[in-house]
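Only one structure is covered here, and it is reproduced in the block below.
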Amino acid sequence: MSEAPHEAPIKTPGQLIAAIIASFAVPIVIIVLLVAYVDNSTRTGAGTDSLSEAEVTARIKPFAQVDIRDANAPRVYKTGEEVYKAVCSACHASGAAGAPKFTNAADWAPRISQGFDTLWHTALAGKGAMPPRGGTSPDDYSDFEIARAVVYMANNSGASFPEPAQPAAGAPATAASGATAAAAAAPGGASDAGAAQAAAAMAAMASVPQAAAPAAGAQSADASQAGKGLVHAGLPGLSRGRRAERTEVRRQGRLGAAPERFHGHGL
């Protein structure tokens, strides 16, 4: 029985060199891949930046923040793009709730044909699912800033509206501020008439307690005099009646006690 001779897998010097290189290269590649995997993985344990003061503060900070503004500082109006990104992009970026999608000319064409004023007043008053002013208040964004946002969206969707003129320094930027300014700028005659009416009303109100006070004092004096008369007139008579009643009781008591004393001594 004969056995097949065993042959070495490496028969040539080239195969030997390739085997030696592979025996070194393969472990090195594996080590490099493991190091890269460890470095790129997210670590949250001790010894990482996730427990640093800055990272912890960023994770536990409140969602709401207080925005402190200087009331005396000049108003810095936001651009149409800034207002769009802060307020309008929530619906108009994707066309949610039937809103015309930003940069979609087909959605904006019927609205652009109505003119800028119609679009602006629709944005201020609200329509459909869109709340007035996009859910903001005049303190957040003025009418001028809302107009800028309308122009920005419309012009990026096929319109060519001009940029709204910025209000002058000190001029009201909202309708409410305009009404307040108009009331403050009323003619002097109307102001004088209003002041005269207010003074007359105050005088009438002041005279009511003064007129009621003497009447109350007179009623109090009458009641006091009546009480005094009652004391002087009724109380003495009442006292004389009581004295007479007591005298009669004493007299009857003496008459009834004498027989008792007589019979007692006789026994």
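The values are calculated or read from the model by the stated rules, or taken from the named source; none is laboratory data. Values in this document were obtained by computation on a predicted structure and should not be read as measured data. Ideal geometry is used to build each Cβ from the backbone, glycine not excepted, and the neighbour counts take in all protein chains shown.
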Fill in: Breaking point among (1) more than 25 Å from residue 76 (Cα to Cα); (2) modelled with pLDDT under 90; (3) aliphatic (A, V, I, L, M), for residue 112
(2)
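Can you say whether residue 90 is assigned to a helix (DSSP H, G or I), within 34 Å of the chain's Cα centre (by Cα) and not assigned by TED's automatic domain parsing to the domain that holds residue 154, as far as the supplied structure shows?
Working: assigned to a helix (DSSP H, G or I): yes; within 34 Å of the chain's Cα centre (by Cα): yes; not assigned by TED's automatic domain parsing to the domain that holds residue 154: no.
So residue 90 fails the test.
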Discussion item. For region 125-139, give me the residue count where each residue is part of a loop (DSSP other than H, G, I, E, B) and among the small types (Gly, Ala, Ser).
Written reply: 4
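Condition check: surrounded by 10 or more Cβ atoms within 10 Å (Cβ to Cβ) and hydrophobic (A, V, I, L, M, F, W, C). Does residue 73 satisfy that?
Details: surrounded by 10 or more Cβ atoms within 10 Å (Cβ to Cβ): no; hydrophobic (A, V, I, L, M, F, W, C): yes.
No, not satisfied.
Yes or no, residue by residue, for (1) aliphatic (A, V, I, L, M); (2) assigned by TED's automatic domain parsing to the domain that holds residue 118; (3) modelled with pLDDT of 90 or more; (4) out of contact with any helix residue (DSSP H, G or I) (no Cβ under 9 Å at 6 or more places or on another chain):
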| site | (1), (2), (3), (4) |
| --- | --- |
| 136 | no, yes, yes, no |
| 145 | no, yes, yes, no |
| 148 | no, yes, yes, no |
| 176 | yes, no, no, yes |
| 186 | yes, no, no, no |
| 190 | yes, no, no, yes |
| 193 | yes, no, no, yes |
| 203 | yes, no, no, yes |
| 206 | yes, no, no, yes |
Response to the item:
Within region 83-107, residues being of a type outside the set (S, T, N, Q), exposed (fewer than 14 other Cβ atoms within 10 Å of the Cβ) and either closer than 14 Å to residue 150 by Cβ or touching a Ser or Thr at 6+ places or on another chain (Cβ under 6 Å) (or both) number 1
Worksheet item: Taking region 154-167 only, how many residues are closer than 13 Å to residue 101 by Cα, assigned to a loop (DSSP other than H, G, I, E, B) and small (Gly, Ala, Ser)?
Response: 2
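For (1) buried (at least 18 other Cβ atoms within 10 Å of the Cβ); (2) part of a helix (DSSP H, G or I), each residue gets a yes or a no:
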| residue | (1), (2) |
| --- | --- |
| 109 | no, yes |
| 119 | yes, yes |
| 123 | yes, yes |
| 141 | yes, no |
| 147 | yes, yes |
| 152 | yes, yes |
